[in-house]
Amino acid sequence: MKALVTGGAGFLGSHLCERLLDQDAEVVCMDNFLTGGPRNVEHLIDRPAFRIIECDLTGYVHVPDRLDLVLHFASAASPADYLRYPIETLRVGSTGTLHALGLAREKGARFVLASTSEVYGDPREHPQRETYWGNVNPVGPRSVYDEAKRFAESLTTAYRQSRGTDTGIVRIFNTYGPRMRPFDGRAIPTFIRQALQGEPITVTGDGTQTRSICYVDDTVSGILAMARSDFAGPVNIGNPDELTMLELATLIKELTGSASRIEFVDRPADDPMVRRPDTTLAAERLGWRATVPAADGLRRTIAWFAAELSRHDRLQHLGA
């Protein structure tokens with residue numbers, strides 16, 4: 001199999017590239033490095049079946065020879081990134097998705113769109129099933145990401161229905177693990193970095209809002225199960241074990257052995273109050289469910305962050 005991963009140098013994209021290579025696929029990694037970085041895939045560069053192309057998906061896109069699979073993961077994903085790059089986020093969700101779909105159609109490849117639980121907005125249904133249409137503010141600060149993904153889902157569906165393209169949509173819930181950036185603004189990297197550095201752990205609001213966190217290995221397995229199927233979706237890929245933000249901060253503090261205090265700060269606008277996937281459909285259609293407990297996944301992630309922060313400190317010292 002030959003696969004293209006757009007956004008392949010990002011956190012999740014790099015793990016997809018690695019898993020595909022381990023399964024004997026040829027992999028083309030495409031990225032403009034706006035939020036991802038070459039370092040995420042530098043350990044793959046010497047593998048003969050791996051190729052990396054620096055490319056902005058909203059411009060001209062070409063991949064020579066055949067493709068069997070297009071995994072469209074190009075997008076800013078953290079609030080800090082998509083608020084810093086709002087137009088770029090909307091462009092890659094619209095024009096970028098159009099180009100990726102056109103490439104999949106040209107090659108006769110299966111296309112899998114990385115959508116998000118954010119299409120549900122601040123949900124009035126809990127847990128969230130794929131049949132729920134969502135509660136999204138179309139002009140709020142998060143809309144540049146939420147609506148880009150909702151449009152991408154609509155465009156993907158239109159290509160399937162009107163052009164006969166083999167497509168699938170996965171709605172990804174709060175994935176975490178190694179290669180997240182310490183300063184990307186999401187809760188888990190922020191909490192871990194603060195705990196390891198002895199800073200206050202900043203919990204937004206009163207900490208009662210919930211998230212369901214899924215370790216990256218589980219998420220990748222779910223995505224590739226979708227890629228191997230002929231299912232259109234959309235399908236939720238996530239871990240239904242739900243934690244409040246205060247519970248998550250407390251767990252990370254315990255796992256790191258940190259003396260950091262927990263500090264409450266203002267909650268961002270349109271921040272969802274609850275988030276938990278109903279994964280019945282993924283189990284029925286893909287034979288998939290998350291298996292890594294939160295404490296185990298967080299231990300692995302903390303170990304990676306500790307090494308990464310130590311490396312950063314060493315480089316700063318050498319630079320000084």
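Just a few scattered comments:
- Between 0 and 90°, nearest 10: helix 143-163 axis offset from the chain longest Cα axis: 20
- Here region 15-165 is treated as a sphere whose radius is the Kirkwood value from Cα pairs; by Stokes-Einstein at 20 °C and 1.002 mPa s it diffuses with a coefficient of 130 µm²/s.
- Distant alpha-carbon pairs in region 196-320 (separation over 27 angstrom), percent: 35
- Pairs of Cα atoms nearer than 8 Å and 6+ residues apart set the relative contact order; for region 168-320 it is 34 percent.
- Computed from backbone phi, the HN-Hα couplings of region 231-243 come to 6, 7, x, x, 9, 6, 10, x, 9, x, 6, 9, 10 Hz, rounded to whole numbers (Karplus: 6.51 cos²θ - 1.76 cosθ + 1.60, θ = phi - 60°; Gly and Pro given as x).
- Simple Cβ-charge dipole of region 148-197, Lys/Arg +1 and Asp/Glu -1, about Cα centre, in debye nearest 20: 60
- Ratio of Rg to Rh over the chain (Cα coordinates, Kirkwood Rh, two decimals): 0.95
- Pairwise label distance in nanometres, residue 204 with residue 307, each label 7 Å out on the Cα-Cβ vector: 3.1
- Ranking of 99, 126, 62 by count of other Cβ atoms within 10 Å, fewest first: 62, 126, 99
- Sequence of 229, 14, 310 once ranked by neighbouring C-beta atoms within 10 Å, starting from the fewest: 310, 229, 14
- Dipole-positive endmost among 126, 104, 85 within region 83-129 (Cβ charges, Cα centre): 104
- For residue 111, the residues whose amide H sits under 5 Å from its own are 70, 166, 167, 168, ignoring neighbours fewer than 5 places away on the same chain, with H placed 1.01 Å from N.
- Peptides 172-178, 69-75 ranked from most to least packed give 69-75, 172-178, packing being the mean of other C-beta atoms within 10 angstrom over each peptide's residues.
- Karplus-derived 3J(HN,Hα), 6.51/-1.76/1.60, for each residue of region 19-35, Hz, glycine and proline x: 5, 4, 4, 5, 9, 6, 8, 7, 10, 10, 9, 10, 7, 9, 6, 5, 10
- In order along region 115-124, the Karplus-derived 3J(HN,Hα) couplings, from 6.51 cos²θ - 1.76 cosθ + 1.60 at θ = phi - 60°, round to 9, 8, 5, 5, 5, 7, x, 8, x, 9 Hz, and Gly and Pro are given as x.
- Per the Cα gyration tensor, region 218-265 maps to an equivalent ellipsoid with semi-axes of 35, 12, 7 Å, ordered largest to smallest.
- Averaging Cα coordinates gives a centre for region 150-182 and one for region 65-91; these two points are 10 Å apart.
- DSSP finds beta bridges in the chain, and of those with both partners inside it, around 10 percent are antiparallel.
- Rounded Å value of the spacing that divides the Cα centres of region 285-299 and region 1-55: 23
- Test item: Cα-centred dipole of region 78-197, Lys/Arg +1 and Asp/Glu -1 on Cβ, debye: 260
- Rounded to 10°, Cα long-axis angle of helix 216-228 versus longest principal axis of the chain: 10
- If only the Cβ of Lys and Arg carry +1 and only the Cβ of Asp and Glu carry -1, the dipole of the chain around its Cα centre is close to 280 debye.
- Region 1-69, relative contact order in percent, only Cα pairs under 8 angstrom and at least six apart counted: 38
- Per-residue Cβ neighbour rank within 10 angstrom, fewest leading, 52, 169: 52, 169
- The alpha-carbon of residue 149 sits under 14 angstrom from the alpha-carbons of these aspartates and glutamates, leaving out residues fewer than 8 places away in its chain: 88, 118.
- Principal-axis tilt of helix 97-107 within the chain, Cα atoms, nearest 10 degrees: 40
- Counting only DSSP H runs of at least 4 residues, each contributing -39500 (n - 2.57), and dividing by the residue count of the chain, the helix-based mean residue ellipticity at 222 nm comes to -12000 deg cm²/dmol.
- Legend: calculated FRET efficiency, residue 47 to residue 162, from the Cβ-Cβ distance at R0 = 25 Å, rounded to 0.05, equals 0.10.
- Working from label points 7 Å from Cα in the Cα-to-Cβ sense, the residue 291 to residue 106 distance is 3.9 nm.
- For residue 128, the residues whose amide H sits under 5 Å from its own are 276, 278, ignoring neighbours fewer than 5 places away on the same chain, with H placed 1.01 Å from N.
- Computed over the chain with a Gaussian network model linking Cα atoms closer than 10 Å, the most mobile of 189, 268, 38 is 268.
- Projected label points at residue 132 and residue 33, each 7 Å from Cα along the beta carbon direction, are separated by 4.0 nanometres.
- The mean sequence separation of alpha-carbon pairs under 8 Å and at least six residues apart, normalised by the residue count of the chain, gives a relative contact order of 17 percent.
- Among 259, 227, 290, the largest mean-square fluctuation in a Gaussian network model of the chain, built with springs joining Cα atoms closer than 10 Å, belongs to 259.
The numbers here are math on the coordinates, done by the rules we state, and not lab data. Just so you know, these numbers come straight off a predicted model, no measurement behind them. Reconstructed Cβ throughout: ideal geometry from the backbone, glycine too, with neighbour counts over all protein chains shown.
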